[in-house]
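Asks: Pasting in a structure now, in structure tokens, and then I'll have a few things to ask.
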Amino acid sequence: MDATPKAVQSEVKANVQAILNAPDLDTARVLLTKTLEAFAKKAPRAMEILEKGFDDVTAILELPEKYRKRLRTTNSLERLNEEIRRRERVIRIFPNRDSANRLIGALLLEIDNKWAGGRRYLDMAEYHEYRSCRPKPGSNIFYL
């Protein structure tokens, strides 16, 4: 949005959100083409950035819709970093690097145990079933 002129920012933002919320990759490509055509003259730099980053931001559309919201954000990583900082603040000064690594390792093990035994953040069995039913791009071979 920083590369977009103020006069068209709201319109461009609405179009970009439509692309990101598209139900599938084909729809996202159609919306991208329309957006690029509509704003090529008004916001050329922004359209160049949008076109270059399209494949990166729409990679999430290859996943089942159930997983998209959780995986397209960095909320889980931010929460993990916050928890590490919270525990680190208690100790304040580590005697050496190994002691810091032990604290972080213990925290990661604790979180892993919680995820393995508790409520699942993502049910990977369902994801693997989804992948096995989809052909590889450009072939008739299915993912295993």
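Asks: Do any residues in segment 81-106 that are basic (Lys, Arg) have Cβ atoms under 8 Å from those of residues that are assigned to a helix (DSSP H, G or I), where the two are at least six apart or on different chains, and which pairs are they?
Replies: Short answer, once both residue conditions are applied: ARG87/LEU103; ARG87/LEU107.
Asks: Which members of segment 57-109 meet the condition of being more than 30 Å from LEU32 (Cβ to Cβ) and of a type in the set (Gly, Ala, Ser)?
Replies: Matches in segment 57-109: SER99, ALA100, GLY105, ALA106.
Asks: How many residues are loosely packed, with under 10 Cβ neighbours inside 10 Å, at pLDDT 90 or above and under 24 Å from the mean Cα position of the chain (by Cα) when one looks only at segment 84-121?
Replies: The total comes to 1.
The values are calculated or read from the model by the stated rules, or taken from the named source; none is laboratory data. Being a predicted model, the structure only gives us computed values, none of them experimental. Using ideal geometry, Cβ is built from the backbone for each residue, glycine included, and neighbour counts are taken over all protein chains shown.
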